[in-house]
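First comes the structure, then the notes that go with it.
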Amino acid sequence: MTNPMQMMIQMMQSGANPMQYLQNMAGQNPQAVAMMRLIQGKTPEQLHTIAANMARERGTSLDEVARQMGMKLPK
């Protein structure tokens with residue numbers, strides 16, 4: 001079974017919109033429902049802040065998380 005985070009990363013790297021995947025998954029997973037509520041209606045800047053805060057809470061940085069995923073964040 002594929003890790004949902006890996007699927008999201010693959011979709012983002014391919015240019016696909018991961019929102020469709022999240023919407024499908026949300027009906028089956030309470031954590032996904034909570035995540036959808038968290039991100040809906042947010043600006044890119046707000047989403048960046050949320051992601052940076054989540055990374056910091058886990059003792060890392062958003063840049064480090066992106067690097068581990070093979071991604072480069074825009075500056």
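The values are calculated or read from the model by the stated rules, or taken from the named source; none is laboratory data. Every value quoted in this text rests on a predicted model; they were computed, and no experiment measured them. Ideal geometry is used to build each Cβ from the backbone, glycine not excepted, and the neighbour counts take in all protein chains shown.
Summary table
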read-out	value
Selection from region 36-54 of residues that are farther than 17 Å from Val65 by Cα and out of contact with any Leu (no Cβ under 7 Å at 6 or more places or on another chain)	Arg37, Leu38, Gln40, Gly41, Lys42, Thr43, Pro44, Glu45, Gln46
Near pairs, Cβ below 6 angstrom, 6+ apart or cross-chain, from region 17-40 (within 20 Å of Asn53 (Cβ to Cβ)) to any residue that is exposed (fewer than 11 other Cβ atoms within 10 Å of the Cβ) and at pLDDT 80 or above	none
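So that you can scan it fast, the table gives a plain yes or no per residue for (1) at pLDDT below 75; (2) within 14 Å of the chain's Cα centre (by Cα):
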site: Met7; (1), (2): yes, yes
site: Gly27; (1), (2): yes, no
site: Ala34; (1), (2): no, yes
site: Arg37; (1), (2): no, yes
site: Lys42; (1), (2): no, yes
site: Ala52; (1), (2): no, yes
